[in-house]
């Protein structure tokens with residue numbers, strides 16, 4: 001005879017929680033109390049090569065384009081910049097620094113900065129490779145356009161009303 005569904009679910013839940021392992025406390029996890037900005041600083045320092053330099057430069061350009069930007073640290077180690085919603089994420093890989101715009105498909109890109117994740121209906125990304133020159137004016141214009149889109153969506157949705 002089979003076990004009742006609730007008992008089976010309970011066993012599955014116990015198994016899932018006991019098999020999860022906590023990772024070390026490097027920059028991916030951060031130390032308790034570290035702010036997102038401190039964690040991004042640590043990631044840049046940890047990279048200590050062209051990827052760290054590129055991430056630092058992109059971060060500076062984002063902050064210049066939107067002084068009200070909020071830095072976040074999500075998904076176990078991804079820098080995220082937000083203003084009324086996610087603007088973009090800054091992922092680092094072995095051969096690329098990827099700046100992914102959450103609503104990139106809805107943005108005009110006259111300078112054709114987007115060169116990755118072009119097939120989707122929502123996101124778009126810019127892959128920076130070693131030696132690439134950043135079109136700073138175009139990138140800042142794209143950041144400002146993403147902020148404008150986020151704030152217009154929030155304004156159009158109207159305030160949340162309690163009942």
Given the residues 149, 139, 107, 113, which is the only one that is more than 18 Å from residue 80 (Cβ to Cβ), modelled with pLDDT of 95 or more and touching a helix residue (DSSP H, G or I) at 6+ places or on another chain (Cβ under 8 Å)? 113
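Please work out if residue 52 is crowded, with 16+ Cβ neighbours inside 10 Å, farther than 30 Å from residue 145 by Cβ, touching a helix residue (DSSP H, G or I) at 6+ places or on another chain (Cβ under 7 Å) and modelled with pLDDT of 50 or more. I'd like the intermediate steps shown before the answer.
Numbers: crowded, with 16+ Cβ neighbours inside 10 Å: yes; farther than 30 Å from residue 145 by Cβ: no; touching a helix residue (DSSP H, G or I) at 6+ places or on another chain (Cβ under 7 Å): yes; modelled with pLDDT of 50 or more: yes.
Against the criterion (crowded, with 16+ Cβ neighbours inside 10 Å, farther than 30 Å from residue 145 by Cβ, touching a helix residue (DSSP H, G or I) at 6+ places or on another chain (Cβ under 7 Å) and modelled with pLDDT of 50 or more), residue 52 does not qualify.
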Qualifying residue in the stretch 55-70 (condition: closer than 30 Å to residue 103 by Cα and modelled with pLDDT under 70): no
Among the residues of the stretch 119-136, what is the count of those that are modelled with pLDDT under 95 and touching a helix residue (DSSP H, G or I) at 6+ places or on another chain (Cβ under 9 Å)? 2
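Checking the structure you have, find out if any residue of the stretch 94-103 is more than 27 Å from residue 46 (Cβ to Cβ), modelled with pLDDT of 95 or more and surrounded by fewer than 19 Cβ atoms within 10 Å (Cβ to Cβ). Outline the logic, then answer.
Looking only at the stretch 94-103, we keep the residues that are more than 27 Å from residue 46 (Cβ to Cβ), and these are 103.
From what's left, modelled with pLDDT of 95 or more: 103.
Checking the rest, the ones that are also surrounded by fewer than 19 Cβ atoms within 10 Å (Cβ to Cβ) come to 103.
Yes, some residue in the stretch 94-103 is more than 27 Å from residue 46 (Cβ to Cβ), modelled with pLDDT of 95 or more and surrounded by fewer than 19 Cβ atoms within 10 Å (Cβ to Cβ).
The values are calculated or read from the model by the stated rules, or taken from the named source; none is laboratory data. Values in this document were obtained by computation on a predicted structure and should not be read as measured data. Positions of Cβ are backbone-derived with ideal geometry, glycine not excepted, and every protein chain shown enters the neighbour counts.
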